[in-house]
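One structure below.
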Amino acid sequence: QVQLVESGGGLVQPGGSLRLSCAASGRIFSGNVMGWYRQAPGKQRELVATITSGGSTNYADSVKDRFTISRDNAKNTVYLQMSSLKPEDTALYYCNYRIPVKSYWGQGTQVTVSS
């Protein structure tokens, strides 16, 4: 089993920044992929960004050049630095840990972008 604990969400004005963190604990395997997904009210959950244990990244087009995903393998922690936030970024952000045979989700952290 793997447990994921997210932190860093909150209320921010348009154009502002936030940094999300997600710490994984439990039975951690090398070669995993960690990432962030989000779900806005009335919409399906969507990919935000992922990063492999080797550091390869993938971003949704909507967040490229504004969000940066990174990880600290020694701490089993993944980060999402969000800048130039827009109201349409408002959503519940979920951390994900994935290995070939299993996927785990965090409880989610709310990000609200509003003036």
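So for the chain, Kirkwood radius off the Cα pairs, Stokes-Einstein at 37 °C and 0.692 mPa s: how many µm² s⁻¹?
233
For Ile28, what accessible area in Å² do you get when you roll a 1.4 Å probe over the heavy atoms of the protein chains, rounding to the nearest 10?
The accessible area of Ile28 comes to roughly 50 Å².
For Glu46, tell me the accessible area in Å² from a 1.4 Å probe, rounded to the nearest 10.
Using a 1.4 Å probe on the heavy atoms, I get roughly 80 Å².
Grab the Cα-Cα distance for Gln81 and Asp65, subtract it from 0.36 nm times how many residues apart they are, and report the gain in nm with one decimal.
Contour length minus the Cα-Cα distance gives 4.7 nm.
Taking 0.36 nm per intervening residue step and subtracting the Cα-Cα distance, what contour gain separates Ser103 from Gln44 on full extension?
19.5 nm
Go ahead and set up a Gaussian network model of the chain, Cα springs under 10 Å, then flag whichever of Ser17, Ser53, Ser30 fluctuates most.
Most flexible of the set in this elastic network: Ser30.
The values are calculated or read from the model by the stated rules, or taken from the named source; none is laboratory data. The shown structure was predicted, so the numbers you read here are calculated from the model rather than taken from an experiment. Heads up: the accessible areas ignore ligands, DNA and RNA and are worked out on the full protein's heavy atoms, side chains in. Shrake-Rupley method; radii C 1.70, N 1.55, O 1.52, S 1.80 Å.
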